[in-house]
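K.L.:
I am attaching a structure below and will ask some questions about it afterwards.
Please treat every number below as a calculation from the coordinates, not as lab data. Since the model is a prediction, treat every value here as computed from it, not as a measurement. Every residue, glycine as well, gets a Cβ built from its backbone with ideal geometry; the counts of neighbours run over all protein chains shown.
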Amino acid sequence: MAEYQDHISIAGDFPDEYAESQYTKKLRGAVAKVKANASQIIESLIVNATNRRWVNNKNDKHNRNASEGWYRYDTYFAMPVQGSGECNKRLNYYIATLVVRKTTNRLYLYDIINIKKEASTPLEPK
């Protein structure tokens, strides 16, 4: 995140939103599992964030906790795909969007959405 000098904090309500958001509830299969596992690498997702853009507050319920609107960032990460035994067979690469709420004095990670497997990455040799 050195590109923007932004310091993104983790608020106390982040775990609930991360696990119970409308986006998360719609996830099925591999992407649901990827989002669950991505909770282990939140710091890396923030460090890899690029392409910051501001989004106005669209829902009145967020007027208090996102008083200054929202930032969205693009991020990327890799998840190992286990082969037989203990060895990692390969990595699957993903892109996602970080949703960050902006208050008058801080930025707070709110959710991770739009998780998509990156198909353009060649497979690693066996």
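K.L.:
Using r as the Cβ-Cβ distance of residue 81 and residue 25, and R0 as 30 Å, what FRET efficiency do you calculate, to the nearest 0.05? Could you put the intermediate results ahead of the total?
P.N.:
Values: r = 25 Å, r/R0 = 0.84.
So, using R0 = 30 Å, E works out to roughly 0.75.
K.L.:
Moving on. Search the structure for amide H atoms under 5 Å from the amide H of residue 92, placed 1.01 Å from N in the peptide plane, and list their residues when 5 or more places away or on another chain.
P.N.:
Answer set, sorted by chain and number: 79, 81.
K.L.:
Need one number: nm distance between label points at residue 9 and residue 33, each 7 Å from Cα along Cα→Cβ, rounded to one decimal.
P.N.:
3.6
K.L.:
Which ³J(HN,Hα) values in Hz, rounded to whole numbers, follow from the phi angles of region 8-22 under the Karplus curve 6.51 cos²θ - 1.76 cosθ + 1.60, where θ = phi - 60° and Gly and Pro get x?
P.N.:
Couplings: 9, 9, 9, 7, x, 8, 4, x, 5, 5, 4, 8, 10, 5, 4 Hz.
K.L.:
Also, I was wondering about something else. Would you kindly state how much longer the chain becomes between residue 103 and residue 44 on full extension, computed as 0.36 nm times their sequence separation minus their alpha carbon distance, in nm to one decimal? Kindly include the intermediate steps, with their values, before the conclusion.
P.N.:
Details: separation 59, 0.36 × 59 = 21.24 nm, distance 2.27 nm.
Once the chain is fully extended between residue 103 and residue 44, it gains 19.0 nm.
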